[in-house]
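Q: The following block contains the structure, expressed as structure tokens.
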């Protein structure tokens with residue numbers, strides 16, 4: 001089973017993402033964080049296979065979380081990262097690519113595509 005960390009400060013979106021993924025048998029949304037500090041704490045102590053991260057959080061940002069998974073302090077293999085954000089301009093897309101983010105989606109336009117991508121990653125994970 002693919003373990004997911006969801007880093008999103010909107011409870012409404014966390015609930016929506018979790019509900020949409022609930023039908024997929026190969027994955028589990030195991031933890032949530034609304035800021036980068038909590039997400040990094042979770043990553044220090046738990047192995048996740050995929051991270052879904054927003055860029056703008058209540059404190060810090062999703063890029064802080066992605067950078068941590070590349071640091072020497074991160075004790076596990078780097079998880080697949082899906083950025084799901086309202087800040088989908090070319091600067092952020094390029095930064096995400098430089099940091100090794102595999103998928104980058106606009107929340108308002110690509111939400112269902114992002115969900116399909118996550119489900120596809122889960123099927124590969126088996």
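Q: Relative contact order for the chain: what is it in percent, counting Cα pairs under 8 Å that are at least 6 residues apart?
A: Reported as a whole number, the value is 27 percent.
Q: Quick check: the distance between the Cα centres of the stretch 82-126 and the stretch 1-50, to the nearest angstrom?
A: About 14 Å separates the Cα centre of the stretch 82-126 from the one of the stretch 1-50.
Q: A further question on this structure: How large is the direction-averaged shadow of the alpha-carbon convex hull of the chain, in nm²?
A: 6.9 nm²
Q: Which ordering of 27, 6 is given by a fewest-first count of other beta-carbon atoms within 10 Å?
A: 27, 6
Q: What order do you get for 3, 14, 44 when you list them from fewest to most C-beta neighbours inside 10 Å?
A: Ascending Cβ contact count within 10 Å gives the list 44, 3, 14.
Q: Which of these, 81, 69, 58, has the largest mean-square fluctuation under a Gaussian network model of the chain (Cα springs below 10 Å)?
A: Most flexible of the set in this elastic network: 58.
Q: Now, a different point. For the chain, give the share of DSSP beta bridges that are antiparallel, in percent and rounded to the nearest 5; count only bridges with both residues there.
A: 5 percent
Bear in mind that the values in this text are calculations on the coordinates, not laboratory data. Values in this document were obtained by computation on a predicted structure and should not be read as measured data. As a convention, Cβ positions derive from the backbone with ideal geometry for all residues, glycine included, and neighbour counts pool all protein chains shown.
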